[in-house]
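The values are calculated or read from the model by the stated rules, or taken from the named source; none is laboratory data. Since we're looking at a predicted model, the values are computed, not measured. Ideal geometry is used to build each Cβ from the backbone, glycine not excepted, and the neighbour counts take in all protein chains shown. SASA here: full protein model, heavy atoms, side chains in, ligands and nucleic acids out. Shrake-Rupley method; radii C 1.70, N 1.55, O 1.52, S 1.80 Å.
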Amino acid sequence: MSADLGFIHRWVPGVAGSSLPTLLLLHGTGGNESDLLSLGPMLLSGASVLSPRGNVSENGAPRFFRRLAEGVFDIEDLIARTHELAEFVGAAAAHYGFDAGNVIAVGYSNGANIASSMMLLRPGTLAGGILLRPMVPLEPDSPPDLSGTPVYLGAGQMDPIVPTDNVTRLAELLEGYGATVTLTWQPAGHNLTREDVQSAREWIEGVTRVV
Ligand code: MLT
């Protein structure tokens, strides 16, 4: 574990010399930098993994940005934290020597929300994303160019935290800015299932064949 570069984080190098993307793992509320480490190789074996811990504490529970209530975000903080995380990704690329132009986020819940915020506010930071149980983080003031950016949305049909029309709105928002969105619905709630992992793995295998 290293506290350098502005975020406590884990870095797990992948197969040397491979052209696989680096996976940026972003945990949910109350998680940490170790939570999703096993998910990386399950999704894309051999890929390097960068896994930061959210810098915000909600009564001791790490998050990537502040919220005012469940599903109600502190937009000013979200914007600032989004830029902070984008800067971290760039600094980590220089530090560890991975390709900053080939980073795919894998975010769950709060982590998915900061990942899509990064796409909306800092296009170019992410080459793509797997967003699991995401919701609309914010509506950007100026339109990002997300042309051809592949995005996988893994939603739960019975998610008590994210209303289905909010996920549909996120898909429309990203598509409107040019992203290539794959929206999948699992017969599940907010928790991830084996089927989420299987479906996301098939998606990333397809995407990395052409990236
Ligand atoms: C968020 O706050 O990002 C979402 O409500 C999901 C969560 O972390 O509970």
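Observations
- Cα principal axis extents for region 81-167, largest first, Å: 41, 27, 25
- Between residue 168 and residue 141, the simple spin-label model (points 7 angstrom out along Cα→Cβ) gives 3.1 nm.
- Packing order of peptides 36-45, 100-109, highest average first: 100-109, 36-45 (average count of other Cβ atoms within 10 Å over each peptide's residues).
- In the full protein context, region 72-149 carries 34 Å² of accessible surface per residue, based on a 1.4 Å probe and ignoring ligands, DNA and RNA.
- Efficiency of FRET between residue 77 and residue 157 - r from beta-carbon atoms, R0 25 angstrom, step 0.05: 0.25
- Helix-only mean residue ellipticity at 222 nm for the chain, each DSSP H run of n ≥ 4 adding -39500 (n - 2.57), per residue, nearest 500: -10500 deg cm²/dmol
- Heavy-atom accessible surface of the chain: percent carbon and sulfur, 1.4 Å: 50
- Three-way shape label, region 125-211, alpha-carbon gyration tensor, a/c 1.5: oblate
- Shown is the FRET efficiency for residue 96 and residue 34, computed with R0 = 22 Å from the Cβ-Cβ distance and rounded to the nearest 0.05: 0.80.
- Region 19-27 - phi-based ³J(HN,Hα) in whole Hz, Karplus 6.51/-1.76/1.60, Gly and Pro as x: 9, 5, x, 8, 8, 9, 8, 10, 6
- Each Cα pair under 8 Å and six or more residues apart adds its sequence gap; the mean of these over the residue count of the chain is a relative contact order of 17 percent.
- Of the GluC sites (Glu not before Pro) in region 36-128, the ones in a loop by DSSP (not H, G, I, E or B) with at most 11 other beta carbons within 10 Å are 70.
- Across every direction, the projection of the convex hull enclosing the Cα atoms of the chain has a mean area of 10.4 nm².
- Selection from 100, 135, 25 lying farthest towards where the dipole of region 1-154 points positive, charges on Cβ: 25
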